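Comments concern the structure below.
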Amino acid sequence: MDWPDYFPENCPPQNARRDNFKVYRLVDNDPPCQNDFVPNKLLYPHIKYTGETLCLACGISVDKTLDGIKRTRKRFRALRNKKIAVGTIKPNEGFILETGGGTHVTWWVQTKTPHVSFKVVNEDAE
């Protein structure tokens with residue numbers, strides 16, 4: 001699968017990798033759907049991303065830990081009502097790279113159905 005036209009040259013970065021990787025994602029829907037996996041570049045086309053920020057905006061944000069995704073949700077008012085979903089990214093579904101420090105990961109999606117392995121977490125049971 002080729003990358004979309006809006007991806008800049010050299011994106012994903014060379015140090016990104018294919019991996020089996022369990023991650024958490026903030027979503028609006030239960031069960032998660034394709035609309036929960038849209039990159040910021042498409043969600044906010046009016047923003048002029050440049051340099052490394054443009055490449056990051058072409059990927060989607062996920063987190064390696066439940067605590068990490070909870071911190072992100074708490075930090076940003078616009079995310080506070082979102083649900084947390086957990087899933088496993090498989091090597092054929094794109095590239096991943098730890099970005100931004102901490103437990104944050106950027107996923108450059110290479111599947112038309114990124115949502116299929118994700119399920120909303122029952123936070124009361126965690």
Could you identify the single residue in 65, 72, 103, 50 that is farther than 15 Å from residue 12 by Cβ, of a type outside the set (Asp, Glu) and without any contact (Cβ under 8 Å) to a residue 24 or more places away in the chain? 50
Criterion (buried (at least 17 other Cβ atoms within 10 Å of the Cβ) and more than 13 Å from the chain's Cα centre (by Cα)) met by exactly one of 73, 18, 77: 73
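Bear in mind that the values in this text are calculations on the coordinates, not laboratory data. Keep in mind that what you see is a predicted model, and the values were worked out from it rather than measured. Heads up, the Cβs are rebuilt from the backbone with ideal geometry, glycines too, and the neighbour counts pull from every protein chain shown.
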